[in-house]
Each structure stands twice: as C-alpha cells, then as structure tokens.
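The next block holds one structure in the form of structure tokens; read it before the comments.
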Amino acid sequence: MENLIALLVAAPLVGAALLLCGGSRLDRAGHWIGSLFAVASFAIGAALFADMLGKSPEHRALHQHLYSWIPVGGFRADVAFQLDQLSMTFVLLITGVGSLIHIYSIGYMAHDDRRRRFFGYLNLFLAAMLLLVLADNYLLLYVGWEGVGLASYLLIGFWQHKPSAATAAKKAFLVNRVGDMGLSIAIMLMFTTFGTFAFGPVLASTGATSQGRLTAIGLLLLLAACGKSAQVPLQSWLGDAMEGPTPVSALIHAATMVTAGVYLITRSGAVFNAAPDAQAAVVAVGAVTLLFGAIVGCAKDDIKKALAGSTMSQIGYMIMAAGLGPIGYAFAIMHLVTHGFFKAGLFLGAGSVMHGMNDEVDMRRYGGLRRYMPVTFVTFGLGYLAIIGFPGLSGFFSKDKIIEAAFAKGGTEGWILGGAALLGAAITAFYMTRVMLMTFFGEKRWDPEEVHPHESPKVMTIPMIVLALGSVFAGALFSVNENFVRWLEPVTSFAHGHSPLSATAVTSATMVVLIIGVGIAWAMYGRRPVPATAPRGSLLTRAARRDLLQDDFNHVVLVRGGEHLTRTLVYLDHSVVDGAVNGTAATMGGLSGRLRQLQSGFVRSYAVQMLGGAAVLVAATLLMRGV
Amino acid sequence: MSFPLLTATAALPAIGAVATAAVPAAKRSAAKWLALAFSLATFALALVIAFRFVPGAKGPYQLTESHAWIRDFGVRYDLGVDGIAVALIALTTLLIPFVILAGWHDADPLEDTAASDGGSAAGNPRWRPTQGFFALILAVEAMVVLSFEATDVFLFYIFFEAMLIPMYFLIGGFGDGAHAGGEDQAATQRSYAAVKFLLYNLAGGLIMLAAVIGLYAATADQLGTGTFSLQQIVEARAAGKLDLGTGTERLLFLGFFFAFAVKAPLWPLHTWLPNAMGEATAPVAVLITAVVDKVGTFAMLRFCLQLFPGASRWATPVILVLALISIVYGALLAVGQRDIKRLIAYASISHFGFIILGIFAMTTQGQGGATLYMVNHGISTAALMLAAGFLISRRGSRLIADYGGVQKVAPVLAGTFLVGGLATLSLPGMAPFVSEFLVLVGTFSRYPVIGIIATLGIVLAALYVLVLYQRTMTGPVREEVRTMPDLRIRELVVVAPLIALLLFLGVYPKPLTDIVNPAVHHTLSVVDKKDPKPAVQVNAVPGGGRHGHAAPDQDVEAAK
Amino acid sequence: MNPVYYLYLAALLFTIGGAGVLIRRNAIVVFMCIELMLNACNLAFVTFSRMHGNLDGQIIAFFTMVVAAAEVVVGLAIIVSIFRTRHTASVDDASLMKL
C-alpha cells in the first residue's frame, strides 16, 4: 500500500506538467484533464484511507522511502513520505475539497480564455500541498511549503492584467517568504541540534536538548506558521489575496493552504510540549488573531474580504487550540476540517453570487438575493449556521471544544483565553449575520437594468451542496464517540482538560454570546435598510476597514524605508564604491598629464636630460664606491 | 600513456576558435554552425571526462597529465581534475553551445539606421566581425577549461589572465543595440565597461603574479628547487618540509585572494560587473557571470585554501563578513535598479556572496553547497539572462519601465522568464535551492549569526525577482509591446533545456553531490577543519531505519 | 707613453662632442658630434683593452663602429627627409615627436 503514497503526489503533478507544457492544443480539454487528476488523487487517498481503517491504530502509519535527495556529509535529506492519521486527514481534506473545487471551477472559469492554465496551477497546488502533508522530514515539507506559496502566487495573480492582482500576488509571496525564513532557520537549528531534521528522530529526542534551543525552534516554526496561516503580525497578505479567482480563495485561502501553519504546529507538537514559552507565544498569537480577524471581518463591505477576515479569525482559533498542547491538538485539527467544509462552501457561495451579479463584490450592492439564487442561498445559509456554531452543525462541535479547552488551560490564562474565544464567537456571529443579511435579505440595492441575478449552473451548485452537507454533518460524525480524537490520538496524543467551568456552562455561554451577536447584527442590518454607500463609521470601523492600519504601518516603515535605503545604496555604490575606483583612475590620469609635459619634442632638451641622468648615475656609482 | 583527455577538451575549442575565425567573411552562417559543432563536441568530451572520473578514487586528482615546460623555473604543464573541476568543466562546456545559439544574430552586420541620415549609402549594413564573435567565445571556453584543469599555479595564472583578452573584445566590441542614447553613446559606454573590466582584473592579476613569484621564491628557498606544482607544495607542507612562516603565508594568501575576489566579484571590488554585464550582449553577460567568474570562486577553493590553509583560517572572519555584505548589499541594490541586465548583475553579486560564504564556512555542507551553487547559479542565471536578452532584443530597451503586460502577448517568453526568476530566488524544487540551503546550513552550523543574516537574502531575492516580473510582465499591455512576438524555436531550444536541467538538479542533485563530495572532503582535510558535531546525538529511532542505508559509506568517507 | 693620456684625449673628445650636441642646432652638426662621442668611447675602449691586456675592449669597439654605421644610414635618411619637407635642418624646428 505504501507505494501508493508517491502516486498521491504524482497524479496532480503530472496533471500540472501536462497542462502547463501542453500548449494550446489542450485548451479545450484542459479543465477535464485537471479535474480528472484531482479526482484520481482523491480516489487513491480514499483507497489508502480504507486500508488504514482496517488496521489497528498503532500500525496505521505508512512510510515510503523514494530516494536520497541531498546527501552531503552529515546532512542527509531524503525524499520520503509518511502517511499517518494526521496526514491522512489532510490528504482527504485536500483532495476531497480540491476535487470539488476543480469541478466548480469548470463552470466558474468557463469564459476565461486561460482556463487550461488555471487548472494547471490548481493541480500544481494540490501536488505541493500533498507533498507538504506527506513529507517525512522538515526539508521536504519546506519544498511543499514553498510550492503552495508559488501556486498561491500564480493563482492570486491569475488575472495579471489587473495591477492590483499582480501586486497582491507579490505581496503574498513576500510576506510568506518572511515566514519561510523562520522555517529554514528552524531546520538549520534542528540540524545543528539533532544532526537531522526528519520528523521521527527530531520529535523523539526533544528531551535530550536544552529548553532554550527548543523554544527557539518553536518560535521559528511559529513565525513560519504565521506567514502561511496569515496570523498576526504576518496576516496582511490574506485580504489582498482575494484578488484571485473565487475558487482559489475557497481552496487555498480558506480550506487548505492557510491551515498549513496549524499542521506544522500540530506535527511539531513534541517540540512545543517541551517548550512552554513557545507554546505561550502560539496561544497568544492565536488569541490575538482570532479577535483581529473577526474585527476586520465586521467592517469589510467586500464579501470576499469579509470572509477572509473570518478565515483569519477561525485559523486563530485553531492556532490557539494547537498552542494549548495535547488538550487542544485534536480539536484544532477537527475545527480545521469542519472549517474546510463550511468556509469552502461559503466562498463557493460567494463565488456563485458574484457569478450571477457580474462579478460585483460589494455587499452594499447586493440585497434580497434569496429569491433569485435559492440553491446558493440554502447552501450558504447552512455554511453560515455552521460557522457561527448553531447547535448540531459542524462548527458548533469543533468550536465549542476549543472554547472548552481554552478554559481548561487553567488559571488567569485560561480565563483570558476562554474569554477571548467567547468574544470571538460573538463577533463571528455578528459579522456572519451581517454578511448573510446584506447579501440575501433586505431590499434590492442593485440596478435591475444592468444586473440579472441568476442561479449558477449545476456544475457549480453540486460541489456547493456537497460541501453544505459536510458542514452540517461532519461535526456530529466526528464527535460521536469521540471518533476524531481517538483517530488522531496515536499521532498527536490527547489529554482531557480540566475546565473550571462545566461543559454545559461553556455551551450555554456560547449560546448566549451567539444570540447577542446575531441580535446586534439583526438590529443594525436586518431591521434598518442598508445604505448603498458605506457611512463614515466610527474610528474603529474606519481602522478595521484598513485592516487595523497594519498595511499603513508596513507601507510607511517597510516599503518607504526600504525604498529610501535602496536609493541611498544605489547612490553610494555609484559615488563612493565606484567613485573610489574612478577617483584612482582620475588621479593617475592627472599625474600622467603632468609628466607628459616633460616630453617636449625638442631633441636637445632630451639630450640635456640624458646628460643629467648619466651624470647622476656616474655620481651615484662613485658615491657607492666611496662608501 | 593514455589519451590526453584533458588537453583535448581544452584544445578542441581552441582549434574551433581558429577554424571559425578562418571562415571567409561571406560565409557567416557556416562559421556559426562550425562554432556550434565545436562547442557541442567539446561538451561531449566533457561528458567523457565526467564518466571516466571515478568519485572517491585514491588521490586528489584524476586523469592527470604532466609534462615539463619551462625547466629553469620549474614550470610544468600539469593537468588534473577533482570532482569540483569536473562539475565546473561540465557546466562551462554545457553553457557554451547555448551562449552561441542565443547569440546567433548578435554579431550580424548592423542594419544601419543611424548612418542613413549621415549621408552614407542607406540600407548598406555596417560590417561586424561575425566570425570573430564566435571565435572569441570558443577561445574563452578553451582558456576557462584549462584554468579548471591546471594544477600548476603558473600554468593556471597564464590562462586566468589570458582569458581577459577575448573577454575584453567581446564586451567592448558587441552591444545589444538597446541603448537609450543611440549607437554612438552605446559604443562609448561599452568601451568604458570593457576597459573597466580589463583594468580591474589586470590589477588583481598583477598582484597575484607577485604572489605567484613569491611562492616560487619561498619554495626555492626551502625545498632546494622552486616549484609551482600545487600537489607538490601541499605534500611538502604535509610532510613538514615546507613552512612559509605566518607573515609570508598571509601576504601570499592576500595576493591570491585579491585576484580571485575581483574576479568573483566580492564587495567592494564588484563595480565592474554591473557595467560589464549591462553593456555586453546577453550571451556575453552569461559568459561573464556564469563561466568566467566561476574561475574566481573555483580558484579560492583550489588554490587559496590548499596552498595557504593557515592564512585562510586567519582571514575567514573578514571574508565571511565581506561575503555577507555582498549578499545583502547586492540584493538591495538589485531592488533599486532600473535596468534589467544591471539588476541581474547585482543579483549575481549577491549569489557570489553566498558562494564565498559557503567556501569559507569550512564545513562539508558549506563547501559542497558552494560548489553546487557555482553550477546551479551558472544555469539559473543563464536561463534568466538569456530570457531577458530575448525580451530586450524585441523591444530594444533595457529599462524595466519600458515594459508592461508582456505576459499577455508573449506567454511562453514570460513563463520562461518567471521560471528563470524563480530559480534565481531559490525556490525549492529548483536546483539553486539545494545549494543555497546547503550553504546556509553549512554556515549556520559554525557561525549561527552570520547564517541567520544571510537568510535575509532569500527574502530580498524574492523581492527583486518578483518586482522585476511584476513590472515587466504583468499589468495592462503597453502600446510598445503589443506586437511583440513570442519565443522562436531557436530561442526555445536555448532556454527549455536549461529549465529542464534546473528542475532535474533540484529534484535529484545526487549525481552532482556524488562527484563533489570527495573533493570537498579533500579540501577540508587540507585546511584541517572538521564539521561541528550536533548538540544531541540522535540514535536511530525504532522503525526509522530509513537513514541507515546511506550512512555507512558516507561515514567511511568522512573518516578518510 | 702612458696610456692614461689616451683616456684624457677620449674624455676631451667626448666633452667636445657632448657640448656640440647640446649647443648646435644644425642636425648635420649634431650628428657629427654624436659620431665624435662614439669615437671617443671607442678610443677609451681600445685604451682599456691595451691597459688590461685582453681583447674585450677592441671587440666592443668594432661593435660600436658597426652600430654607428647603421645609425648613420638611418639618421642621415631621416635628416634628408626632414630637410626635403621643411627646407631646414634645424633640430629645434622638428618637435613633432611629443605626446
């Protein structure tokens, strides 16, 4: 069975190579080829999953060694895969949601003349993401890590003729590279500490080294996770990344790639468990981001950007859960999977709305769409209920567990984290209700002359329905019997937290804040008509619209500062470094100009010089003799 | 006495140069095909070398040839290759056919537009020495190959200096016709660049000559007969018969290092490179940065470290700092450039910083990575620069601001440009990533702070590559580029194999590392340095036997 | 007779020649003065040869004569061509050989 693992990665990779190098001959069949390879990968994943279920939990991990990649001295990097329960979860999520979004894109991108390339990039993304979760060592993970970054770059900037898209793509890649710096230094530190960077040996021997080193490794991994998962302070790229086509936002910037940071932290659990300081940093980052993203999400009028803020916030939940240690890992991953369903569904719904509204993204120009797009309305609505944590739906189970675990952290810390998580839940309920009301309810705010809202074709609605089913039932399925926790336990280990509040108390508190959030949103956007142009808003609203001024800070400090620095350096290089050289040359030139004047052309002056020279020589010889 | 393979590999392009130059003026295209045939044959010979070479065999050099040359001064015609030389000879001979193909029309007679208003016969193309262009390229190839092969310091010196002459004419004689100020101003700029190139390198070379003579005097003094033989000197030192004395050794080291640092180039001796690469045609720029400059870094490994191990250890801190400055400084300046070719030149300076960092980190990973870096940088810069050259020749401008939206009209060109750029920013999966990461790990394991600062280079590399791509290829299509044709077959033949090679060596670099590793071990043993041990000794984890199979032979090698 | 007297004569001739080169402007005269200096040297060589009792000096004297003869051929040709073009043989008028 383990020989199938490489095929898992190879299938979409072959698809990408075929589509990107195939040329225009494949234009007409490109989308089918791309979807075929995605589905093939899912089929292989499903087969492996079935095989895995048949084994006892301890013997489920598979390993495949392909070849020795970089052997130099003590440095040995292998191309080797490891498929355990954690990787399997991701494989199914990636290939499953990936396949659905491939199919959805057939309809969504139908009118784009570069559709073949779009599918090539999507396949490339699948291959890189699968490599990321299947690698058995950090360096190979790093390859996938940057590979998904590349795919994300290409897809965000897919509509390259728009300068905003090209800029957003560049920004995403650069911010991610800052995070990648963290990952690469972490790998180096692992190499100097353990002499290897394969998961097995590194994670097994965390006890043998100093806590300082482990904390450093943990913080560096956190930096990497912040970059990829859009956590504070490297979150600024995610909002701009919505310039990409909507299926991309659904697949990469909601369901899979941005959750890679959670994977990295969960996978490196042993490191974090042994480094409480690093763990505290992870929790802090998660808690800050979950509020940050939620606040940003409240202020955006662009439907995709509002959802992007929500994604940031939900990943904040996951990161926080992962930072809680063994009491949280399983719930982080569980929320990740349920989030994968409902957020992908929400994005596809948003895409469907845009599809019917001439690519309008401003929610203030929507309104009352439920009558025109019933399927989209229902699927989006189910996703909405799931994300706010409506009892019985996916989000309810996974988010509730995280809030519980946050309280279980204990002490003041537990109260702060739990409070933040509850507050986040309230804000989530608020902004999602806002999105729902502004889009599907209320008065029409669009011009019926120009816009003709209509339901999307089947090829788009079916994936939405599947995802909606997932967002309804996945949570319950995972929670029955603690299925999910027991499934992951061999990999992530699990400990029951001891919460100062009972589970019922936490659930009731969650329900209360949920109702408060929905109620406020109803009061603001449901009862009153929504103005078609955004009001000025309070100071906080205005700041939140600008991503809480983080971009402005980046612009002033990094962009402007960097521009000044490079300009100064260019000037210095020309005037000082090169100037020194040219100055030497000029000095030599001047000196030779002086000397040239001795060369008068008069024979007799030459003769005098010769005579003088000869006299000096004779005198010198005599003097030397005399001495 | 076996067939003198090494001499033949160098002689073939030399003969090719003469033959190409001798083709009558009227038969221009015959000369091109002849040059291409010779360069391909040379590459075939280089492949033979690579296959005859046995990695890990006894003795530092293989396929050796040795003849007395100038008996009175102990100069010998000694050739031999180690793994590093084999890799670089393969790179050089591989790139030359692409350089020739890419420069196919670079030396054709100029369609003289400027002269028509000057009153001369309009439409009468201005003659250019087409045969000469290709003959000079082959001549450079011959000398570069010989300097990779020479194990006699004096012999090396001769070719190290002699290659300046053809390079001078290549830079000064042929431009890309993409200068804003017209051909006359371009000619002035070109000759400035060529003279600067020549003077810089000559200055370095003369200081090295003094050191070469000093080395001879020292050996003559202590061994009885003076010698230039690298192997003899290394062995004499190992046997304790030769002791240069700390002061002398350091002076001689500096003399050698200065010449190599100019050639490499290392900050602050770098300013000739942007001029030379900016003014030369793209293929010649590739020749400069991907081929000729490699002799500098190669010679650091072969001569500086092996002849003067003590002085090398003494100078390491300063050189590491200079290399670090090169990395960051080159990258920052690349960000600030307005000219595509100058941007690539500054990027190269940054990359040479990485190579020198790796060499002087004195770890297996550092030096192995540096050697791979030389090869990979050659290929990746060639891909990027040649794609840039195709772009420039279409629009007739080197300024980034003159482009925009090319991706829409010439997607294949934009695609190759992007892949070349991604290789330059060391994307994992492409060859340069392997080498850059090895250099960083090698540096980090001995000098963590320097390693961390050098990692900044990967962020800056992403910045200059992506900004370049964004400004030239994306956005709305500019009026001037609307009619730009996509890549022609000849051009695709040039870049496609380079890209394929970049991907292959990124995914499977083992053939290269296998050749390079023993040579690196040898160099390190001469310098008397060992890799730092990891802080924790990790035992094989149960079920993790995956690392076992590669380990034993590697350890035996390290023990040697 | 004391050979040193010949050396005095040689020195005197050399000085006369040298002075002539420096003072006179006519190229022909300058030329003759150079010949005078060369022959003064020859005289000194021959004298030393006599004094030391070996033939080295005489051999060099012959060399000098040969070189002088060759020099005369070239030098006179240059002077003639200068005279033809400029109608003067003054060395101060011919100062073209400068940078």
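The values are calculated or read from the model by the stated rules, or taken from the named source; none is laboratory data. Computed from a predicted structure; not experimentally measured. So basically every Cβ, Gly included, is an ideal-geometry build from the backbone, and we count neighbours across all protein chains shown. Heads up: the accessible areas ignore ligands, DNA and RNA and are worked out on the full protein's heavy atoms, side chains in. Shrake-Rupley method; radii C 1.70, N 1.55, O 1.52, S 1.80 Å.
The table below lists the values:
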{"read-out": "Accessible-area composition of segment A:555-625, carbon plus sulfur, in percent [1.4 Å probe]", "value": "73 percent"}
{"read-out": "Computed lengthening from residue B:199 to residue B:28, 0.36 nm per intervening residue step minus Cα-Cα distance", "value": "58.3 nm"}
{"read-out": "Surface share of carbon and sulfur [accessible, 1.4 angstrom probe, percent] for chain B", "value": "65 percent"}
{"read-out": "Dipole of the protein assembly as shown, positive direction: furthest Cα of C:12, B:208, A:470, with charges on the beta-carbon", "value": "A:470"}
{"read-out": "Accessible surface buried upon A-C contact (total; probe 1.4 Å; Å², nearest 100)", "value": "1000 Å²"}
{"read-out": "Amide hydrogen neighbours beyond the local backbone of residue B:78, cut-off 5 Å, H modeled", "value": "B:67, B:151, B:152"}
{"read-out": "Test item: B:462-471 mean partner chain Cβ contacts at 10 Å", "value": "5"}
{"read-out": "Of A:162/B:408; A:162/A:304; A:162/A:305, pairs whose Cα-Cα distance is over 23 Å", "value": "none"}
{"read-out": "Hits among lysines - C-alpha to C-alpha of residue B:294 under 27 Å, sequence gap 8 or more where chains match", "value": "B:32, B:58, B:196, B:263, B:341, B:510, B:529, B:530"}
{"read-out": "For residues of B:505-515, the mean tally of beta carbons on other chains within 10 Å", "value": "3"}
{"read-out": "Chain C, accessible surface, carbon-and-sulfur percent (1.4 angstrom probe)", "value": "73 percent"}
{"read-out": "Residue A:1/residue B:52 FRET efficiency (R0 35 Å; Cβ-Cβ; nearest 0.05)", "value": "0.20"}
{"read-out": "Helix-only CD estimate at 222 nm, as mean residue ellipticity for the protein assembly as shown, using -39500 (n - 2.57) per DSSP H run (n ≥ 4)", "value": "-23500 deg cm²/dmol"}
{"read-out": "Mean Cβ count within 10 Å, highest first, over the residues of peptides A:70-80, A:546-556, A:531-541, A:443-453", "value": "A:70-80, A:546-556, A:443-453, A:531-541"}
{"read-out": "The protein assembly as shown: radius of gyration and largest Cα-Cα distance (Dmax), Å", "value": "38.0, 143"}
{"read-out": "Solvent-accessible area buried by A and B, counting both chains, probe 1.4 angstrom, square angstrom", "value": "5800 Å²"}
{"read-out": "Members of segment A:68-109 that become less accessible by 30 Å² or more once partner protein chains are added (1.4 angstrom probe, chain alone as reference)", "value": "A:68, A:69, A:70, A:71, A:72, A:73, A:75, A:76, A:78"}
{"read-out": "Solvent accessible area, Å² - residue A:143, 1.4 Å probe, full protein context", "value": "20 Å²"}
{"read-out": "Accessible area expressed per residue, the protein assembly as shown, with surrounding protein chains retained (probe 1.4 Å, Å²)", "value": "38 Å²"}
{"read-out": "Coarse-grained scattering of chain B at q = 0.11 Å⁻¹, given as base-10 log I(q)/I(0) from a Debye sum over alpha-carbon atoms", "value": "-0.97"}
{"read-out": "Lysine pairs meeting the criterion (Cα under 20 Å, 8 or more apart or interchain), as found in segment A:321-456", "value": "4"}
{"read-out": "Helical segments meeting 18 Å axial Cα length and Kyte-Doolittle 0.5 threshold in chain B (DSSP H)", "value": "B:5-22, B:28-52, B:83-102, B:130-149, B:182-223, B:246-263, B:309-335, B:340-361, B:411-424, B:431-446, B:448-473, B:489-507"}
{"read-out": "Shielding of A:589-598 by partner chains, average beta-carbon count, 10 Å", "value": "1"}
{"read-out": "Between segment A:100-140 and segment B:400-434, the Cα center-to-center distance that results, in Å", "value": "20 Å"}
{"read-out": "Segment A:1-273, Rg to Rh (Cα coordinates; Rh as Kirkwood inverse mean 1/r)", "value": "0.98"}
{"read-out": "For chain B: relative contact order, % (alpha-carbon pairs under 8 angstrom, 6 or more apart)", "value": "14 percent"}
{"read-out": "Other-chain or far-sequence residues with amide H under 5 Å of residue A:65's (modelled H)", "value": "A:81"}
